[in-house]
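Beneath this line is the structure, given in structure tokens, with notes to follow.
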Amino acid sequence: MKLRNVLALGLGGAALALLLVEPSLAQTPTVEAAPAAAAAPVPNKGDTAWMLISSALVLMMSVPGLALFYGGLVRTKNMLSLLTQVFAIVCLACIIWVFFGYSLAFTNGGGLNDFVGGFSKAFLRGVDANSVAATFSNGVVIPEYVYICFQMTFAMITPALIVGAFAERMKFSALLLFCTLWLIFIYFPMAHMVWYWGGPDAVGNAAKALAAATDEASKKAAQDALDAVNADAGLLFKWGALDFAGGTVVHINAGIAGIVGCLMIGKRIGYGRDLLAPHSLTMTMIGAALLWVGWFGFNAGSNLEANGSAALAMINTFVATAAAGLSWLFVEWAAKGKPSLLGMLSGAVAGLVAITPACGFAGPMGSIVLGLVAGAVCFVMCSTVKNALGYDDSLDVFGVHCVGGILGALATGILVNPALGGVGAPDYAAKPGELVAAAYEFGPAFLSQAKAVGFTILWSGIGSAILYKIVDVVVGLRVTQDEEREGLDLADHGERAYNY
């Protein structure tokens, strides 16, 4: 008996000690504990690392990629001026972006929210190391600073693309003033109209509330809340326009601004009479290669997560570019008798441009077809059409970026079709909390893309023309004839790219 008493006392004491160590064990088994509140999503280190790398890759597209690509295509006396222009635009856009550009692009704009954001995050107010930005998956976020940096690199390269259309003849002061105004009145609103929305969690949570509503009053309130979330988006986003990485925002936008500037500034002295050949296709080759590598950050990075969708955007960026480079090469070979390096490089860039809006929506085989078409069509635009119309788009910004961007934007409405290997348009409300593909209908899908293309052409074309005129009145657009003949390296900057 003594032994049993000792054992009972010992077991009782052990049980009491366990209850003291872990109070949850003392809960009555028949009473359920209250469910814990859902934890706020935190950034995944892999996604964060991928987006940091992507941001650096897109910066590399501008400097040195675009600078070398453009610089090699102009004459020796203007090489340094192109390098300076691109680098200066990158620096200028960086500062404007953090001052108020990010806020104008990615915050609610109140009564003007269809077209532009507000100033609630001007000078990055309210943003710190703990702030997060939504991705395209429910419950997945990245640090807001990373998202700011990534989108900043897009704002850096887009106005820099424009300079190729009027290379070798625009004043440096006029260029900086124009790019400042263009970012404010053209680029930031376009980025807002295409890419600003509430995010998947806002839509999913509102859709969940609607699904859970039981009576008519609560259903109406939940539906109103869902409608409000869907209404908090840019105009083109609400139209249903798909632009994964910048077909409208970047390429059509810059291409139209370029051709307008080219026409308003006029042709280079000696155009059509003198030899205005590229001075270094070696530099252009290096620049094109850097652009292709950096474009993986541009396209696959636009997924905002390191997952299978990013891999899809990456393989599409591989195959569409290769197909377009070969397409331009062989079409030019057939038309002119010889395949040129410049032609293949131009075709590759055309493929990169065309696949940009479709890279996360199309399948690889559809991307190859898009690349083949883009290479051939852009070749015709940059040779036959350009020569017939006689405009002096120095580095074919319109023929490659605008035309390639239009092809890609329109093709996105076709290639997104799952029957053609696409992934379908995203639908966050059909199954709240999940990303599913909406039912594909060719008419509405293609019409949304066509409307977005037409709107971008008008917005950038008319707006850019007004801004060029303002700059012309204030400082004048074009250098003098003597300065143009001397070259902008010396005339604008007092130094040469090469001293020999």
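The values are calculated or read from the model by the stated rules, or taken from the named source; none is laboratory data. The structure displayed is predicted, hence computed values, not measured ones. A quick note on method: Cβ atoms are made from the backbone with ideal geometry, for glycine too, and the neighbour counts reach across all protein chains shown. Accessible surface is based on the protein model in full, side chains and every heavy atom, while ligands, DNA and RNA are left aside. Shrake-Rupley method; radii C 1.70, N 1.55, O 1.52, S 1.80 Å.
Which value, in Å² rounded to 10, gives the accessible area of CYS94 with a 1.4 Å probe and all protein chains present?
40 Å²
For LYS431, go through the lysines and keep the ones whose alpha-carbon is under 23 Å away, minus same-chain ones fewer than eight residues off.
In chain and number order, the partners are LYS208, LYS219, LYS220, LYS238.
Ranked from highest to lowest mean number of other Cβ atoms within 10 Å per residue, what is the order of the peptides 417-423, 162-168, 286-292, 267-273? Write down the numbers at each step before the final one.
On the way: 417-423: 16.0, 162-168: 27.1, 286-292: 21.0, 267-273: 13.0.
Averaged packing, sorted descending, gives the order 162-168, 286-292, 417-423, 267-273.
How far apart, in nm, are two points set 7 Å out from the Cα along the Cα-to-Cβ line at GLU483 and at ALA289?
Label at GLU483, label at ALA289, 3.6 nm between them.
Compute the angle between helix 308-336 and the longest alpha-carbon principal axis of the chain, please, reported from 0 to 90 degrees and rounded to the nearest 10.
Once rounded, the angle reads 20 degrees.
Run down the lysines and flag those whose C-alpha is under 28 Å from the C-alpha of LYS171, throwing out any fewer than 8 positions away in its chain.
LYS77, LYS267, LYS386, LYS469
Using only Cα atoms, find the angle between the long axis of helix 341-355 and the longest principal axis of the chain, and express it within 0 to 90 degrees, rounded to the nearest 10.
It is inclined by approximately 40 degrees.
Which three extents, in angstrom, do the Cα atoms of region 417-500 have along their principal axes, listed largest first?
64, 36, 26
Output the 0 to 90 degree angle, nearest 10, between the alpha-carbon long axis of helix 216-231 and the longest principal axis computed from the alpha carbons of the chain.
That works out to roughly 30 degrees.
With every protein chain kept in place and ligands, DNA and RNA left out, what is the accessible area per residue of region 200-340? Probe 1.4 Å, answer in Å².
Details: 5910 Å² over 141 residues.
For region 200-340, the per-residue accessible area is 42 Å².
Using a 1.4 Å probe on the protein heavy atoms, what percent of the accessible area of region 289-397 belongs to carbon and sulfur?
Details: 2800 of 3640 Å².
About 77 percent, which is the carbon plus sulfur part of the accessible surface.
Could you rank the peptides 241-252, 77-88, 204-215 by their average count of other C-beta atoms within 10 Å per residue, with the highest value first?
On the way: 241-252: 28.3, 77-88: 23.0, 204-215: 16.1.
Result, highest mean Cβ count within 10 Å first: 241-252, 77-88, 204-215.
At a probe radius of 1.4 Å, what is the per-residue accessible area of ILE265, in Å² to the nearest 10?
Counting only protein heavy atoms, ILE265 exposes about 20 Å² to solvent.
Hey, what's the per residue convex hull volume over the C-alpha atoms of the chain, in cubic angstrom? Before the final figure, lay out the partial values.
Working: hull volume 103.9 nm³, N = 500.
Looking at the chain, the number lands at 208 Å³ per residue.
Dipole of region 176-268 (Lys/Arg Cβ +1, Asp/Glu Cβ -1, origin at the Cα centre): which of GLY198, ALA241, ALA221 lies farthest to the positive side?
ALA241
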